[in-house]
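The values are calculated or read from the model by the stated rules, or taken from the named source; none is laboratory data. None of the values given here were measured: they were computed from a predicted structure. Reconstructed Cβ throughout: ideal geometry from the backbone, glycine too, with neighbour counts over all protein chains shown.
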Amino acid sequence: MIETGGDGRTWLLSGAAGSYGLHLTDRDELVHLHWGPRISLADAESLAAEPPPPYWPFESQLDGREEYPVEGGPRFVRPALSVRTPAVRGTEWRRTDSTVAGDELRLSFADPVHHLGVTLHYRMREDSAVVERWATVTHEGPADSPDLELLRADAAAWTLPLRERWRLSQLHGRWAAESRLVRSELTPGEKVLGSRRGHTGHQHLPWVALDAQGATEESGEVYGCALGWSGSWRIAVQQLPDGTVQITGGAGHDDSGLLRLAPGGTYTTPVFAGLWSEGGFGGASRAWHAWQLAHVIPDADRLRPVLYNSWEATGFDISEQQQRTLARRAADIGVELFVVDDAWFGARVSDRAGLGDWTPNRDRFPGGLGPLADEVHGLGMQFGIWVEPEMVNADSDLYRAHPDWVQHHPGRTRTEFRNQLVLNLARDDVQTYLWEQLDGLLSAAPVDYVKWDFNRCFTDAGWPGEPYPQKLWTAHVHALYGLLDRLRAAHPTVAFESCSGGGGRIDLGILSRTDQVWTSDNTDPLDRLVIQHGFSQLHPARAMAAWVTDSPNTQLNGRVSSLRFRFVSAMAGVLGIGGDLTEWGEHEIAEAREWVDLYKEIRPVVQHGEMHRLRPPDGGLSAVQYTHGDDIVVLAWLQAQHYGEQQPPLRLRGLDPAAAYACLDTSAVHRGAVLLHRGLRTALRGDLDAAVFRLRRVRGSGDA
């Protein structure tokens, strides 16, 4: 709901559990009023009538108050917008229009010197606590006017209420150790997070959360911001001298230039979404999850299938017969989607060759992929393949024909990471080639699923012959989005998974175009608990792919773990299996079949339910709870147990204290109040033990 004040210069957006208010002064300064619990329009108007803060020498009365601070004038904060022409840098704007269209507010401004038009967009849906913000920048000048250089155009600036002390939460990591949750006190100055790598990156997820008064998992005020962009990005958290906190975020890692706008040209920023919750970090996560399931992830109401991926079983040494054998084993344990990973195409016998040549290797698949896909379908499974379209090997037909198609600087060495180079997707001819290759591939064989990988960062982001080569950084991502959008439209039954050496491309932008993401290349079940805990701060289980692989984990740490522990760890998201099934004994196959059957039973609760993080994976006992209607699923893991140490019961959340809940695994009936206050006993023992508990509400205070 959007309300406009009587002066036509005050606006209030309200959603499921909060409000967001802003006001345009008589000098056309767009200032922030409120972000937090629901208030009335009269409340917002009273805030707008308050006098500005007092003037302090060497400070600005605008800093920390503006909704979208531009470069120029009496401002000293980091600008959200920086524009220049050969003669003028900086912006002075005037409001030209304000429009309410459904649940979207649009505020338009113009700078006549630059012929610049800026529209700020706000959306708060009635079923959500999330405020979506983005900006559109347009060159409105005549055809003979000079280009505008857009140095920086953030999506939004968020202002938090004044509090005594703020704490910052962020997700950091590296390859195979992504999404590590870190909390630290925010101090005066600026904290900058981001990626300079051309993709979202393993090192930071584009999300921050702030709390001021010791918020816990289930109580306290929490503000969160998340950026929907899959390239280089930056989020800056500033604490100003008066204690005000402002958060800016957008595409690009610095202010060296995004692109040039010719007359008539337009740039639209990614969405920078914000959320306020009074339900602690857990309440904030559940609000983020609900919004993504309702408004971001495509076809989120569909349950994701149990998949098998052949990579860890085969590596590059694959054949059609070998894949048929694995497919039959996978079908035997109840797998619903069989995926052929790398090495099915071109001369791909190692990571040194073949990338870019997206046709089946006829030595390995004499009849193409069709015969294998037909057998997989005959076994009752869907069929999927792995691709890495944005990359090319120097040893490939594509590179030999078009060496100029890769990112490079003239006269400089072309850097190879993982023996591959990055295609310049900003080029129209590269986009055309990839569309023809991928559309032909999906049309030639009955493919149901594509795992889209991205296994190296930008290092030589040059574009010889392009007048403004810096635009490659953003143009590449827009081309990626356009290609995915076009493929989804042409092949609506094909699902896509985003992967980037594990969790190197996880963000709201890629999630709006894919069905799930590969969370990490680390499939160790104990390490995964920490990664999944961090992932869940922002993203739902419905998007989180997790695999059961072999033990010992020879790829990373040599850890030995039971099939039980591996399955329960992976069942916290979208279950997959990646071990070498031809080496599993019959007892392991039988046990795996039971776990897959159990997962299918609890899948609606896990993938569509509300998540409560009962205990974090910081040693000892950890657990998560999912609730969907009357059904509850609890997954619990015990990392290690010391002699004489008693495991505490798991205090469940969100139950009706007057209701009764039957445990389907033990036939015991528990009172809701007991589960809430004393808890559920797990009986886990020893090292790396795990269990699944299924409960169902059987009667309550309102039942007849």
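Annotation for the range 415-424: at least one member residue is within 19 Å of R352 (Cβ to Cβ) and of a type in the set (K, R). None of V392, V406 is closer than 21 Å to G462 by Cα, buried (at least 17 other Cβ atoms within 10 Å of the Cβ), among the β-branched types (V, I, T) and in contact with a His (Cβ under 9 Å, 6 or more places away or on another chain) except V392.
How many of the residues in the range 297-315 are in contact with a Ser or Thr (Cβ under 8 Å, 6 or more places away or on another chain) and surrounded by fewer than 20 Cβ atoms within 10 Å (Cβ to Cβ)? Spell out how you get there, then give the answer.
Step one: of the range 297-315, the residues in contact with a Ser or Thr (Cβ under 8 Å, 6 or more places away or on another chain) are 297-298, 312-313.
Keeping just the survivors that are surrounded by fewer than 20 Cβ atoms within 10 Å (Cβ to Cβ) gives 298, 312.
Of the residues in the range 297-315, 2 are in contact with a Ser or Thr (Cβ under 8 Å, 6 or more places away or on another chain) and surrounded by fewer than 20 Cβ atoms within 10 Å (Cβ to Cβ).
Just to confirm my filter: which strands (runs of 3 or more DSSP E) fall fully inside the range 86-157 and include at least 2 residues that are of a type in the set (K, R)?
On the way: elements: 94-101, 104-111, 116-124, 130-139, 148-153.
Filter on the range 86-157 gives 94-101.
Regarding R603, is this residue among the basic types (K, R) and not assigned by TED's automatic domain parsing to the domain that holds V568?
Details: among the basic types (K, R): yes; not assigned by TED's automatic domain parsing to the domain that holds V568: no.
So R603 fails the test.
Here the range 541-562 is the region considered, the condition is being within 24 Å of the chain's Cα centre (by Cα) and among the small types (G, A, S), and the residue that is surrounded by the fewest Cβ atoms within 10 Å (Cβ to Cβ) is A545.
Yes or no: G573 under 20 Å from G504 (Cα atoms) and either touching a residue at least 40 places away in the same chain (Cβ under 8 Å) or aromatic (F, W, Y) (or both)? In short, yes.
The residues of the range 341-363 that are touching a helix residue (DSSP H, G or I) at 6+ places or on another chain (Cβ under 6 Å) and not small (G, A, S), listed by number, are D341, D357, W358.
L22 - would you say it is in contact with a Phe, Trp or Tyr (Cβ under 6 Å, 6 or more places away or on another chain) and part of a strand (DSSP E or B)? Judged against the criteria, L22 is a match. In the range 354-367 there is at least one residue that is modelled with pLDDT of 95 or more, over 30 Å from A570 (Cα atoms), surrounded by fewer than 16 Cβ atoms within 10 Å (Cβ to Cβ) and of a type in the set (G, A, S).
Scanning the range 22-35 for residues that are within 26 Å of A236 (Cβ to Cβ) and either surrounded by fewer than 17 Cβ atoms within 10 Å (Cβ to Cβ) or polar (S, T, N, Q) (or both) yields a count of 3. Set side by side, the residues A668, A662, A683 differ, and just one is more than 23 Å from R286 (Cβ to Cβ), in contact with a Lys or Arg (Cβ under 6 Å, 6 or more places away or on another chain) and either aliphatic (A, V, I, L, M) or not assigned by TED's automatic domain parsing to the domain that holds A290 (or both), which is A662. Considering the range 253-293, the residues that are more than 22 Å from the chain's Cα centre (by Cα) and among the hydroxyl-bearing types (S, T, Y) include one that is modelled with the lowest pLDDT, namely S256.
Considering only residues that are closer than 29 Å to W452 by Cα, assigned to a loop (DSSP other than H, G, I, E, B) and of a type outside the set (D, E), which ones fall in the range 158-200? If the condition is that a residue be closer than 29 Å to W452 by Cα, assigned to a loop (DSSP other than H, G, I, E, B) and of a type outside the set (D, E), then G173, R174, W175, A176, A177, S179, R196, R197, G198, H199, T200 are the ones that fit.
Among the residues of this structure, E436 counts as one that is among the acidic types (D, E) and in a helix (DSSP H, G or I).
Condition check: over 26 Å from W452 (Cα atoms), surrounded by fewer than 24 Cβ atoms within 10 Å (Cβ to Cβ), touching a Phe, Trp or Tyr at 6+ places or on another chain (Cβ under 7 Å) and among the β-branched types (V, I, T). Does V222 satisfy that? Spell out the reasoning first.
On the way: over 26 Å from W452 (Cα atoms): yes; surrounded by fewer than 24 Cβ atoms within 10 Å (Cβ to Cβ): no; touching a Phe, Trp or Tyr at 6+ places or on another chain (Cβ under 7 Å): yes; among the β-branched types (V, I, T): yes.
No.
Figure legend. Inter-residue proximity from the range 589-608: first residues more than 22 Å from S536 (Cα to Cα), second residues basic (K, R), beta-carbon distance below 8 Å, spacing 6+ or different chains. Indicated pairs: I589/R329; E591/R564; W595/R564. What number of residues in the range 46-72 are outside any loop (DSSP other than H, G, I, E, B) and either in contact with a helix residue (DSSP H, G or I) (Cβ under 8 Å, 6 or more places away or on another chain) or surrounded by 19 or more Cβ atoms within 10 Å (Cβ to Cβ) (or both)? Total meeting the criteria: 3.
Considering V422, V430, V392, V376, which residue is farther than 30 Å from G334 by Cα, more than 26 Å from the chain's Cα centre (by Cα) and hydrophobic (A, V, I, L, M, F, W, C)? First the steps, then the outcome.
Details: V422 fails: more than 26 Å from the chain's Cα centre (by Cα); V392 fails: more than 26 Å from the chain's Cα centre (by Cα); V376 fails: farther than 30 Å from G334 by Cα.
The unique qualifying residue is V430.
Residue count for the range 415-458 satisfying the condition of being crowded, with 16+ Cβ neighbours inside 10 Å, farther than 24 Å from D341 by Cβ and of a type in the set (S, T, N, Q): 2.
Matching residues to (1) among the small types (G, A, S); (2) surrounded by 21 or more Cβ atoms within 10 Å (Cβ to Cβ); (3) free of Cβ contacts under 8 Å to residues at least 24 places away in the same chain:
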residue	(1), (2), (3)
L240	no, no, no
P270	no, yes, no
A284	yes, yes, no
H289	no, yes, no
H295	no, no, no
Q321	no, no, yes
